[in-house]
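The values are calculated or read from the model by the stated rules, or taken from the named source; none is laboratory data. Since the model is a prediction, treat every value here as computed from it, not as a measurement. So basically every Cβ, Gly included, is an ideal-geometry build from the backbone, and we count neighbours across all protein chains shown. Calculation scope for accessible area: heavy atoms of the full protein, side chains included, ligands and nucleic acids excluded. Shrake-Rupley method; radii C 1.70, N 1.55, O 1.52, S 1.80 Å.
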Amino acid sequence: MAKSLFTRFREKVRAQRHRLRPIHPQPDWVQVEINNTCNLNCIMCPREAMTRPLRHMTLAEFQDIAQKVHAAGVAHIRLFLLGEPLLHRDLVSMIRYAKQIGIPSVEINTNAVLLDEPAARALIAAGLDEIVFSIDGADAETFEAVRCGASYDEVAANIRGFFRIRGELETPKPRGVIQSILMEPTRDQMHQFVALWQPVADELRIQALRQYHGVEGLSFTEGSPDDELRPCPALWSYLVILADLTVTPCCTDINGELALGTIADGDIADFWLRNDKLNNLRRLHGRLDFADLALCRSCEFISLDVMRRKAKATSEYQREQEENSGTAETGLTS
């Protein structure tokens, strides 16, 4: 079935808006993969497709990045991507340094396997602003089938322990977010997940699975050739720095296929405003020309219809949270 003329018209209008969209002086955030090593083997993770060597960024390398992020006026720095940040021995020092030089918000995601009491206290003392706990499923059987190598009881106890310790210290930070991925193995447990964790977390996030790099059969929001396309908003939103110091504009670029250079090549503005590769990507996306961009044309994030289906899939849990507390997120980016 061919796209309707109306759909094609809307695509062109949206693309034209992006072509005319001014580029902010700096990205909204910079995501720094301080390590690409992990202690789990989650079924929805594309790590098996990663061809980059395993590496931990050095503290000196991170400090140089943090200085550039701060100098550019970037408000958020996120210390994770395809790795578990608690595996990095210098994580606490990195957080402390980023806060000492004045970066407004420092954030991590963690599977919480290593989040014992000393680790929780160290992260709080370092000045971490936000911590996102990933917990999929509402019972041990489902969770351990998804997050292979983790114990549900231990992870749940670590997360609850973090909030208890933060309460004892009488500090609001780091803000604690508990996140679950909506996918085939977890979809029947989402109401139970909300009921279980909403009284604990500062915020719950339910994210429909983003399927890419050959992780198949877990999502129920796949794209279609008839979908209405859009330029990827990531190109106007953030930068990613991989563990090997490669700069890329995309958080799904797990092997640096869209590499803009290495962070040693310049400052943030050199990549964000003056990088020929990134500006050419923006031009191509502004024309919806993905033919020569293998990573982009196979990504569901360029499909507005997929994003709408994801929002619809999470809407019932959003309403449930709003009824209980008035806050929720769907993960839909316009």
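Residues of the stretch 93-118 that are hydrophobic (A, V, I, L, M, F, W, C) and either touching an Asp or Glu at 6+ places or on another chain (Cβ under 8 Å) or surrounded by fewer than 19 Cβ atoms within 10 Å (Cβ to Cβ) (or both): I101, V106, I108, V113, L114. Residues in the stretch 174-201 that are buried (at least 16 other Cβ atoms within 10 Å of the Cβ) and in a loop (DSSP other than H, G, I, E, B): P174, M183, P185, T186, Q198, V200, A201.
In summary, R55 fulfils each of the numbered conditions (1) crowded, with 21+ Cβ neighbours inside 10 Å; (2) under 29 Å from E154 (Cβ atoms) with the single exception of condition (1). Listed by first and then second residue, the pairs linking a residue in the stretch 138-160 that is more than 21 Å from L204 (Cβ to Cβ) and part of a loop (DSSP other than H, G, I, E, B) to a residue that is open to solvent by less than 50 Å² (accessible area, probe 1.4 Å) and at pLDDT 95 or above, with Cβ atoms under 6 Å apart and 6 or more places separating them unless they lie on different chains, are G149/L40.
Check whether at least one residue in the stretch 222-231 is out of contact with any Ser or Thr (no Cβ under 8 Å at 6 or more places or on another chain) and either of a type in the set (F, W, Y) or modelled with pLDDT of 95 or more (or both), and report yes or no. Looking through the stretch 222-231, none of the residues is out of contact with any Ser or Thr (no Cβ under 8 Å at 6 or more places or on another chain) and either of a type in the set (F, W, Y) or modelled with pLDDT of 95 or more (or both).
Looking at the stretch 264-288, which of the residues that are closer than 22 Å to E61 by Cα and of a type outside the set (A, V, I, L, M) is modelled with the lowest pLDDT? Per the stated criteria, the residue is D265. There is no residue in the stretch 207-216 that is in contact with a helix residue (DSSP H, G or I) (Cβ under 6 Å, 6 or more places away or on another chain), of a type outside the set (V, I, T) and at pLDDT 95 or above. As a summary of the residue check, A126 satisfies the conditions (1) more than 19 Å from the chain's Cα centre (by Cα); (2) more than 30 Å from D267 (Cα to Cα); (3) of a type in the set (G, A, S) except for the one numbered (2). Pairing each residue of the stretch 91-112 that is over 18 Å from A243 (Cα atoms) with any residue that is part of a loop (DSSP other than H, G, I, E, B), provided the two are 6+ apart or on different chains, yields C-beta distances under 7 Å for R96/G127; K99/G127; P104/A75; S105/A75; S105/D129; N111/L40; N111/E84; N111/A150.
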